[in-house]
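Peer 1: Pasting a structure below so you can have a look.
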Amino acid sequence: MAAGPASIIAQVRQLLAGTLLLVQSLIRLSAAEFKANAGALRAPLAALLAAATLGITALVLLVVAAILALALLVGPLAATMIVAVLAAIAALALARHALSRLGQVQLAPTRAMATLQQQIDRFSARPAAKDKPHDQ
């Protein structure tokens, strides 16, 4: 009977080793997926920074150039207001575009979580097809 407990101990060790390997794999997968998802933030953030920079630059340049041109027609105060509104509209349009792209980025490691759920289902002997309705 000495082979019985030794066999159980070996199985428990294999189970623990497999579980540790699974956890390590999921950690690596989650980290890689998080890095990929975080990398997707670069473009929208760069666009948002560009929108802010262009908005400020446009505002300054348009105020100077347009005020000088419009001041002859409508006066300096009205020319300043017209130019400021146009620059603000352009900046808002760029910012809205960047923010809409930023809202589409997901940081959560959904693939790793799905893999973990599959492993949990497999470990608990619940087949994935059990959730689906059977044909009658």
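The values are calculated or read from the model by the stated rules, or taken from the named source; none is laboratory data. Quick caveat, the model's predicted, so the values are computed rather than measured. Please note: Cβ atoms are built from the backbone with ideal geometry, for glycine as well, and neighbour counts cover all protein chains shown.
Peer 1: Inspect all residues belonging to segment 85-98 and state whether any of them is more than 30 Å from PHE123 (Cα to Cα) and β-branched (Val, Ile, Thr).
Peer 2: yes
Peer 1: Consider VAL83 against the criteria (1) surrounded by 12 or more Cβ atoms within 10 Å (Cβ to Cβ); (2) closer than 30 Å to ARG101 by Cβ; (3) under 29 Å from the mean Cα position of the chain (by Cα): it satisfies all of them except one. Which criterion is unmet?
Peer 2: Status for VAL83: all satisfied but (3).
Peer 1: Shifting gears a bit: Just name the residue that is nearest to SER25 (Cα to Cα) out of those in segment 84-125 that are polar (S, T, N, Q) and not in a helix (DSSP H, G or I).
Peer 2: SER124
Peer 1: Condition first: modelled with pLDDT under 80 and aliphatic (A, V, I, L, M). Can you find one or more residues in segment 121-128 that meet it?
Peer 2: The answer is yes; a qualifying residue exists.
Peer 1: Just the residues that are among the polar types (S, T, N, Q) and modelled with pLDDT of 80 or more, please, taken from segment 84-116.
Peer 2: Residue satisfying the conditions is SER100 alone.
Peer 1: Here's another thing I want to ask about it. Exactly one condition in (1) surrounded by 12 or more Cβ atoms within 10 Å (Cβ to Cβ); (2) touching a residue at least 40 places away in the same chain (Cβ under 8 Å) is false for ALA38; which is it?
Peer 2: (1)
Peer 1: For MET81, indicate whether it is modelled with pLDDT under 80 and not in a loop (DSSP other than H, G, I, E, B).
Peer 2: No; evaluated as a whole, the condition is false for this residue.
Peer 1: Among the residues in segment 58-74, are any touching a Phe, Trp or Tyr at 6+ places or on another chain (Cβ under 7 Å) and loosely packed, with under 14 Cβ neighbours inside 10 Å?
Peer 2: No, segment 58-74 has no match at all.
Peer 1: State all residues of segment 87-117 that are within 30 Å of THR19 (Cβ to Cβ) and loosely packed, with under 11 Cβ neighbours inside 10 Å; if no residue qualifies, say none.
Peer 2: The answer is GLN106, ALA114.
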